[in-house]
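Here the structure comes first, spelled out in C-alpha cells, and everything after it is commentary.
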Amino acid sequence: MQHQKCRRNRGVILTLKGWNKLQTAKAQAEWKNNAGESFSLEELSDCTHLALHTISKILRRLETVDKSSLQSIFAAFNLVLCKDDYTRPSAPENLEVRGTNHQYDWQKSPDVSVFYSRSQELLQLQHWILEEKCRLVALLGIGGIGKSTLAVKLGLQIKSEFEVLVWRSLQNAPLVEEQLTNILQFCLRALGKKMVLPESFDGKLSKLMECLRLHRCLLILDNVETILSSTQDEQYCPDYEGYGQLLKCIGEVTHSSCVLVTSREKPQEIALLEGDRSKVKSFQLKGLESTAGKELFQHKGQFTGTEEEWQVLINHYGGNPLVLKIVAAGTQQLFNGKITPVLQYVEQGILIFEQIGNLLSSQFQRLSVVEKEVMYWLAINREPVSLTEIAADTVTFTYQHLVPSAIKSLLQRSLIEKSGDRFFLQPFVMEYVTQQLVKGGE
C-alpha cells in the first residue's frame with residue numbers, strides 16, 4: 001500500500017516556460033475562435049477530454065497531474081510537450097507547502113483559490129519581471145479591480161524563480177522604518193545571514209539594496225495608495241516620505257530582484273522612472289471580460305438573464321470584480337437572482353447598491369476642488385470629451401490652467417478612462433458622481 005501511495009504522488013507540473021507556452025497558445029485560440037473571451041473550464045474539458053479539476057490543477061500549477069494530462073491539453077492547442085515544459089517537484093503534495101520553508105512569507109495575502117481569467121495580464125507581468133528583469137513594477141487600478149488578487153496569483157506562478165518572496169500590505173500604514181526592519185529580518189533569516197540591522201533608515205535601506213543585489217528576491221507591497229497624500233503639494237503623507245526614497249532607490253539602482261507594488265494611484269517615483277526601455281514599468285488593470293464576469297456571478301449562486309443582459313450588466317459595472325460581487329449579492333437579496341430588474345435601475349442611472357458608493361467614496365473625497373469639478377462635468381456630459389472641451393466648459397477661468405494636471409491626476413488615480421484623445425467615466429462611477437452632485441458635492 002505504501003508503494004502504491006508513492007506512485008500516486010509522483011506527478012508533474014508545468015514549468016514556467018511550459019505554462020507560458022500553453023497560455024500563449026490558449027490566448028491565440030481564444031482570439032481566433034472565441035471572440036477574445038477566455039474559454040471556460042467546461043469548454044476546455046470538452047476539447048481535452050480531461051476532468052474539470054485536472055484542468056484547474058494544470059492551469060494553477062499548484063498540484064501535480066499525470067504527464068498524459070499535460071500531453072492532452074497541449075495537443076488540444078496543437079502543441080508538443082517537451083522535456084523542459086514540465087518538472088517533477090521535490091514535494092509531491094500540494095505545492096503551497098513550499099511556502100513553509102522560510103523562503104516565502106505571504107503574511108495575510110488574499111486567498112486566490114477562486115480566480116477568474118487574467119491570463120494576458122499574467123503573461124505581461126511575467127515577461128517584465130522574468131524576461132526583462134524589471135526592478136520595479138506597479139500594478140494600478142481603481143478599487144476592487146483585483147490588483148491584490150492578481151499580485152498573489154502572479155507571485156504563486158513565479159515564486160520558484162526567486163530565493164525569497166515577501167508580501168507586505170500597507171493597508172494599516174506602517175512606518176517605512178518599521179516595514180524595512182520587518183522585511184530585512186525575514187530576508188536575512190531566509191538567506192542564512194547574520195541578523196545585524198543598522199539603526200538608521202539609510203542604513204536599513206542600504207542593507208535591503210545589498211540583499212536585492214546579491215540575491216534574487218521578489219517583494220510585493222500591497223495597498224501603496226494608503227501612504228500617499230491627498231494633496232497636490234505633497235506626494236506622501238507626513239512621516240511617510242521614506243517610501244518615496246525606497247521606491248526611487250529600487251527603481252534607479254541596479255540589482256537582480258523585483259519589487260511589485262499595487263496601488264489605486266501611481267506613485268510619483270514610478271511615473272518619473274517608467275518607460276518602454278526602462279526597468280520600471282506600470283500596468284493599468286482593467287475589468288473582467290463578460291465570460292469571466294458571468295462566472296463570478298455563478299460562483300455566488302443562481303441567476304437568470306439573457307446573454308445580452310449579462311453583457312450590458314457586466315460592461316456597466318466595468319467588469320470590476322468587487323463591484324460585481326456586490327451587485328451579485330444585492331441581486332440575490334432583492335430580485336431573487338433576476339438581473340432584468342437591476343438593468344431597469346441601470347437605465348435610469350440610479351446607484352442602487354450603497355456599498356459601491358462606499359468603495360468609491362474614499363477616493364473621491366481625496367480629490368481637489370478642480371478634480372471634483374472635472375468629475376462632475378464628465379458625469380453631466382456623459383459622452384467622451386477632449387481636454388480642450390473640458391478646459392473650456394468645466395471650470396471658471398481662474399482654474400482653467402489647472403485642468404491638464406487635474407486630468408493627469410484623475411488618470412493616475414484610475415477614476416477616469418481615456419480612449420484616443422477623449423476622456424470619460426465608467427458608467428457606475430458616473431452614477432456615483434451624479435449622486436454626489438445631487439447631494440451638493442458633500
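With each run of n ≥ 4 DSSP H residues scored as -39500 (n - 2.57), what mean residue ellipticity at 222 nm is computed for the chain after dividing by its residue count and rounding to the nearest 500 deg cm²/dmol? Before the final figure, lay out the partial values.
On the way: 20 runs with 216 residues, N = 442.
The helix-only estimate for the chain comes to -14500 deg cm²/dmol at 222 nm.
Suppose we keep just the DSSP beta bridges with both residues in segment 127-284; what percent of those would be antiparallel, to 5? The partial results should precede the final answer.
On the way: 1 of 21 bridges.
Antiparallel bridges make up about 5 percent of those DSSP assigns within segment 127-284.
Looking at this model, which pairs from Lys372/Lys418; Lys108/Lys338; Lys26/Lys294; Lys108/Lys153; Lys67/Lys294; Lys57/Lys300 are more than 25 angstrom apart at the alpha-carbon?
Values: Lys372/Lys418 17 Å; Lys108/Lys338 35 Å; Lys26/Lys294 20 Å; Lys108/Lys153 14 Å; Lys67/Lys294 32 Å; Lys57/Lys300 22 Å.
From Lys372/Lys418; Lys108/Lys338; Lys26/Lys294; Lys108/Lys153; Lys67/Lys294; Lys57/Lys300, over 25 Å: Lys108/Lys338; Lys67/Lys294.
Can you sort Trp31, Trp167 so the residue with the fewest Cβ neighbours within 10 Å comes first? Walk me through the numbers on the way to the answer.
Values: Trp31 12, Trp167 21.
By the 10 Å Cβ count, ascending: Trp31, Trp167.
Report the percentage of all Cα-Cα pairs in segment 184-293 whose separation exceeds 17 Å, rounded to a whole percent.
The proportion of pairs with Cα distances above 17 Å equals 61 percent.
Report for the chain the percent antiparallel among DSSP-assigned beta bridges with both residues inside it, nearest 5. All intermediate terms of the calculation are to be shown ahead of the outcome.
On the way: 9 of 32 bridges.
Beta bridges within the chain, antiparallel portion: roughly 30 percent.
With each pseudo-label sitting 7 Å past Cα toward Cβ, what's the Ser278-Lys338 distance in nm, one decimal?
Spacing of the two 7 Å Cα→Cβ label points: 5.3 nm.
Just need the relative contact order of the chain here, percent rounded to a whole number, with Cα pairs under 8 Å and 6+ apart. Let's see the in-between values first.
On the way: 637 pairs, mean separation 63.1, N = 442.
Across the chain, relative contact order equals 14 percent.
Out of [x] 4, 16, 18, 9, 4, 3, 3, 5, 8, 11, 10, 6, 2, 0, 0; [y] 4, 16, 22, 20, 16, 11, 7, 3, 1, 0; [z] 4, 19, 27, 26, 18, 6, 1, 0, 0, which label holds the value of P(r) over Cα pairs in 10 Å bins from 0, in percent that was computed here?
Of the listed options [x] 4, 16, 18, 9, 4, 3, 3, 5, 8, 11, 10, 6, 2, 0, 0; [y] 4, 16, 22, 20, 16, 11, 7, 3, 1, 0; [z] 4, 19, 27, 26, 18, 6, 1, 0, 0, [z] comes from this structure.
Among the lysines, which have Cα under 19 Å from the Cα of Lys207 when same-chain residues fewer than 8 positions away are ignored?
Straight-distance partners of Lys207: Lys193, Lys194, Lys248.
Ranking request for peptides 328-337, 259-268: highest mean number of other beta-carbon atoms within 10 Å first, then the rest in descending order. Mind showing how you got there, number by number?
Details: 328-337: 16.1, 259-268: 23.2.
My ranking of the peptides, most packed first, is 259-268, 328-337.
Please identify the trypsin sites (Lys or Arg not before Pro) of segment 10-45 that satisfy two criteria: DSSP loop assignment and at most 15 other Cβ atoms within 10 Å. Which are they?
Working: sites: Arg10, Lys17, Lys21, Lys26, Lys32; in loops: Arg10.
When the trypsin sites (Lys or Arg not before Pro) of segment 10-45 are filtered for loop state and at most 15 Cβ neighbours within 10 Å, Arg10 remain.
Every number in this text was worked out from the coordinates using simple rules, so none of it is lab data. If you're wondering where the values come from, they're calculated on a predicted model, not measured in any experiment. Methodologically, a virtual Cβ is constructed for each residue, glycine included, from the backbone with ideal geometry; neighbour enumeration extends over all protein chains shown.
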